[in-house]
Amino acid sequence: MANRHLSRTIAMQSLYEWDFNEKQKPLAEITEHNLKQFGPGLEDPAFIFELVRGVEKNLPELDRIITQTAPEWPLDQITIVDRNILRLGIYELLFAKEVPPKVAINEAVELGKAFGGESSGKFVNGVLGTLYKNLPETEKEKGQNNNNDHNDNKKIKT
């Protein structure tokens with residue numbers, strides 16, 4: 001498993017646990033524990049903390065975006081896994097500046113397929129694909145020229 005994908009997986013697992021336990025325990029503490037459990041020797045654990053801090057900091061805005069983009073699905077009726085994959089994907093798509101949008105979407109879809117239910121990948125893809133369509137063209141192209149380590153030849157299906 002590639003380092004970035006593993007980092008996203010640990011971030012998603014930490015967000016899931018935090019949300020499942022109604023945010024009673026500090027997210028940083030949960031993340032630190034999950035890093036030790038699932039990512040010993042990971043080269044760049046800073047990326048994990050960047051992701052979880054970004055989601056935590058922008059949580060009200062991320063949830064507002066989910067609610068607007070998927071109005072037929074009240075936030076509390078979206079499974080905890082899907083909800084946190086969406087938070088992570090939206091954070092990377094709209095707030096993080098280093099990841100190309102197509103990579104952010106594809107990574108979130110893969111997390112949905114791996115950890116969510118039967119239709120999680122399609123649901124995540126639909127929500128993030130809708131957001132992608134509304135991005136300015138300059139945002140859609142960000143990171144494509146200088147991010148050769150990402151294979152973003154996959155098409156986004158909506």
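Element breakdown for the chain at a 1.4 angstrom probe: carbon and sulfur atoms account for 48% of the accessible area.
The residues of the stretch 20-149 have, on average, 54 Å² of accessible surface per residue, using a 1.4 Å probe with all protein chains present. Residue by residue, the stretch 67-74 carries 3J(HN,Hα) couplings of 4, 6, 7, 10, x, 7, 10, x Hz when phi is fed to the Karplus relation 6.51 cos²θ - 1.76 cosθ + 1.60 (θ = phi - 60°); x denotes Gly or Pro.
Percent of C-alpha pairs per 5 Å bin in the stretch 1-47, short distances first: 5, 25, 34, 20, 11, 5, 0. Over the chain, all Cα pairs binned in 10 Å intervals from 0 give whole-percent P(r) values of 11, 43, 37, 9, 0, listed from short to long. Karplus-based coupling profile of the stretch 79-88, in residue order and whole Hz: 4, 4, 4, 4, 4, 7, 5, 4, 4, 5, with θ = phi - 60° in 6.51 cos²θ - 1.76 cosθ + 1.60 and x standing for Gly or Pro. For the stretch 6-81, averaging the sequence separation of C-alpha pairs within contact (under 8 Å, six or more residues apart) and dividing by the residue count gives a relative contact order of 35 percent. Pairs over the 30 Å Cα-Cα cut-off, from the set 36/140; 25/102; 23/142; 113/133; 25/142; 57/140: 36/140; 25/102; 23/142; 25/142. Roughly how many whole Å is it from the C-alpha centroid of the stretch 118-137 to that of the stretch 48-78? Rounded to whole Å, the Cα centres lie 14 Å apart.
When only Cα pairs below 8 angstrom with a gap of at least 6 residues are kept, the chain shows a relative contact order of 20 percent.
When the charge dipole of the stretch 1-76 is built from unit charges on Cβ atoms (+1 for Lys and Arg, -1 for Asp and Glu) and taken about the Cα centre, the candidate among 47, 28, 68 whose Cα reaches farthest toward its positive end is 47.
The values are calculated or read from the model by the stated rules, or taken from the named source; none is laboratory data. Just so it is clear, the model here is predicted, and its values are computed rather than measured. Positions of Cβ are backbone-derived with ideal geometry, glycine not excepted, and every protein chain shown enters the neighbour counts. When the accessible area is computed, the model is the full protein with side chains, heavy atoms only, and any ligands, DNA or RNA have been set aside. Shrake-Rupley method; radii C 1.70, N 1.55, O 1.52, S 1.80 Å.
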